[in-house]
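Asker: Submitted below is the structure of interest, expressed as structure tokens.
The values are calculated or read from the model by the stated rules, or taken from the named source; none is laboratory data. Model, not experiment: these values are computed from the prediction. Every residue, glycine among them, receives a Cβ derived from its backbone with ideal geometry; neighbour counts consider all protein chains shown.
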């Protein structure tokens, strides 16, 4: 069994991660939809590239620093309050922390290979702490408490921003997402765009630009 590379232990009512110490060749491990409260027992799985701990009862990100080959980590649907202890996971390309209780974007400074980051449905009020993520292509912030979109020029690879169901109400901030596929449905600003500026937020929540909207933002006639 040492040669095992793929292991799915999802939906098994597991309360504690144990018995995996000898599975040192594992590259893909799923433990989603269990009853796990603490991340532990994974330290020897140094070849692991994909780890899914979604929908458990985890409160703290910990004991992952040895997993330096990890490329995808999902901790969505837990009870995590803080983004922490990820500094050593510099090969991460995908990180899912959606549906937690996170209030601040932090602790991501060393993860400059990230291409997809999902922080949807948390308690985030401000977009910050992302300036080092030059390879980020997709950023998901849907379902938070964000009012403003700052300048995102540091995110040179960003193609898609999902920020539906927030509190966006400053139309001038849309200049900061010009050229990015932006989804802003179910925000106060979306109604304003549809009613006043000839723009359109389509059924998927995507912002569709109009000349009238551009004139309003950039002040040309």
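Asker: Considering segment 180-193 alone, what residues qualify as being under 19 Å from residue 122 (Cα atoms) and in a loop (DSSP other than H, G, I, E, B)?
Answerer: 184, 185, 186, 187
Asker: I need the full set of residues from segment 30-47 which are within 24 Å of residue 113 (Cβ to Cβ) and more than 20 Å from the chain's Cα centre (by Cα), in order please.
Answerer: Matches in segment 30-47: 42, 43, 44, 45, 46, 47.
Asker: Sort through 205, 185 and tell me the only one that's in contact with a strand residue (DSSP E or B) (Cβ under 7 Å, 6 or more places away or on another chain), surrounded by fewer than 20 Cβ atoms within 10 Å (Cβ to Cβ), without any contact (Cβ under 8 Å) to a residue 40 or more places away in the chain and within 27 Å of residue 77 (Cα to Cα).
Answerer: After applying the criteria, what remains is 185.
Asker: Something else about it: Just one of 143, 179, 129, 198 is surrounded by 15 or more Cβ atoms within 10 Å (Cβ to Cβ), under 24 Å from the mean Cα position of the chain (by Cα) and at positive phi; which is it?
Answerer: Answer to the check: 143.
Asker: Check 196, 156 and return the single one that is modelled with pLDDT of 95 or more and over 23 Å from residue 122 (Cα atoms).
Answerer: Of the residues listed, the single one that is modelled with pLDDT of 95 or more and over 23 Å from residue 122 (Cα atoms) is 156.
Asker: Next question, about the same structure. Considering each of 111, 117, 73 in turn, give the residue that is under 17 Å from residue 40 (Cα atoms) and free of Cβ contacts under 8 Å to residues at least 40 places away in the same chain.
Answerer: From the options 111, 117, 73, the qualifying one is 73.
Asker: A further question follows. Take the conditions closer than 25 Å to residue 142 by Cβ, free of Cβ contacts under 8 Å to residues at least 24 places away in the same chain and exposed (fewer than 14 other Cβ atoms within 10 Å of the Cβ) and apply them to residue 79. Does it pass?
Answerer: Yes: the conditions hold for residue 79.
Asker: Just the residues that are closer than 21 Å to residue 188 by Cα, in a loop (DSSP other than H, G, I, E, B) and without any contact (Cβ under 8 Å) to a residue 40 or more places away in the chain, please, taken from segment 120-142.
Answerer: Once the filter is applied, which keeps residues that are closer than 21 Å to residue 188 by Cα, in a loop (DSSP other than H, G, I, E, B) and without any contact (Cβ under 8 Å) to a residue 40 or more places away in the chain, segment 120-142 yields 121, 122, 123, 124, 125, 126, 127, 141.
Asker: Please note which strands (runs of 3 or more DSSP E) are completely contained in segment 1-61 and include at least 2 residues that are modelled with pLDDT of 95 or more and surrounded by fewer than 16 Cβ atoms within 10 Å (Cβ to Cβ).
Answerer: 6-8
Asker: OK, next. Looking at residue 92 and the list (1) farther than 22 Å from residue 123 by Cα; (2) under 13 Å from the mean Cα position of the chain (by Cα); (3) part of a strand (DSSP E or B), which single condition is not satisfied?
Answerer: Looking at each condition in turn, residue 92 falls short on (3).
Asker: Just one of the numbered conditions (1) more than 15 Å from residue 163 (Cα to Cα); (2) surrounded by fewer than 20 Cβ atoms within 10 Å (Cβ to Cβ) is not true of residue 116; which one?
Answerer: Among (1) more than 15 Å from residue 163 (Cα to Cα); (2) surrounded by fewer than 20 Cβ atoms within 10 Å (Cβ to Cβ), the lone unmet condition for residue 116 is (1).
Asker: Give the residue that is surrounded by the most Cβ atoms within 10 Å (Cβ to Cβ), with candidates limited to residues of segment 84-98 that are farther than 20 Å from residue 45 by Cβ and touching a strand residue (DSSP E or B) at 6+ places or on another chain (Cβ under 9 Å).
Answerer: Per the criteria, the residue is 97.
Asker: Looking at segment 151-179, which of its residues are part of a loop (DSSP other than H, G, I, E, B) and more than 24 Å from residue 99 (Cβ to Cβ)?
Answerer: 151, 153, 154, 156, 157, 169, 170, 178, 179
Asker: Being out of contact with any strand residue (DSSP E or B) (no Cβ under 9 Å at 6 or more places or on another chain), touching a residue at least 24 places away in the same chain (Cβ under 8 Å) and surrounded by 13 or more Cβ atoms within 10 Å (Cβ to Cβ) is the filter here; which residues of segment 155-174 pass it?
Answerer: 166, 171, 173, listed by residue number.
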